[in-house]
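Bear in mind these aren't lab numbers, they're just calculated from the coordinates by the rules spelled out. All figures in this text were calculated on a predicted structure; none of them were measured in a lab. Heads up, the Cβs are rebuilt from the backbone with ideal geometry, glycines too, and the neighbour counts pull from every protein chain shown.
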Amino acid sequence: MKNMLPKLAGLPGKIGLCSQLNISLPTKGIHEMLGTKRAKPVLYQLGRNIGRELGAVLEKEHGFKKASGTDALFANIEKMGHLFFGCRISTPKNSGPIATLRIFDSPGCAGISQMPEPCCDYVAGVIASFSAYQLGGVPTSCIEISCRGCDPTLPCCEFELLIGTLK
């Protein structure tokens, strides 16, 4: 499993550059090919398929420990954002089963504008599946609540991570 992170990201050998063209252009293309209604679940499922594998790779190659609670989970999500997506993920003070995540320069919509709806479904899927893996299989889901791809005046994309619930 030596150096699998670039392969998961679809990159020739660099870590943390999974953004811009590698995700946002295919995202826009899938939205145009399938239409927004059909593209959203496809992109989300693709992300969920990668998230668990990403968790295993980060554990083996970067010494990530499985999260023992939400504080450890949020710290791992922030590190994963930097290593895999090459962006900053902020997890403001959260409590309970619903957490807000802010992603600055989200790779799902980097360089994209005028999308009809939030378009970072792939990123949401990765976060949901990575979180479930980190928490030992606790059901999780993630939805985007605001997106720079729809409104470029926003400073970041915001996501809601639901822990212990599937939506």
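General remarks:
- Computed lengthening from E61 to K93, 0.36 nm per intervening residue step minus Cα-Cα distance: 8.7 nm
- Trypsin sites (Lys or Arg not before Pro) restricted to DSSP loop in the stretch 61-158 with at most 14 other C-beta within 10 Å: K65, K66, K93
- Taking one quarter of the surface of the C-alpha convex hull of the stretch 25-122 gives a mean projected area of 6.9 nm².
- Assuming charge only on the beta carbon of Lys and Arg (+1) and of Asp and Glu (-1), the dipole of the stretch 15-163 about its Cα centre is about 200 debye to the nearest 20.
- Rounded to the nearest whole Hz, the Karplus-based 3J(HN,Hα) values (6.51 cos²θ - 1.76 cosθ + 1.60, θ = phi - 60°) of the stretch 44-57 follow the sequence 4, 5, 4, x, 4, 5, 7, x, 5, 4, 4, x, 5, 5, with x at glycine and proline.
- A Förster radius of 45 Å combined with the Cβ-Cβ distance from S68 to Q114 puts the calculated FRET efficiency at roughly 0.60.
- Pairs of lysine residues in the stretch 15-163 that meet both criteria, 8 or more places apart or on different chains and Cα atoms under 25 Å apart, total 8.
- Lys/Arg +1, Asp/Glu -1 at C-beta; the stretch 60-109 dipole; positive extreme among T100, N76, I89: N76
- Amide H contacts under 5 Å for K66, placed H, 5+ residues apart: none
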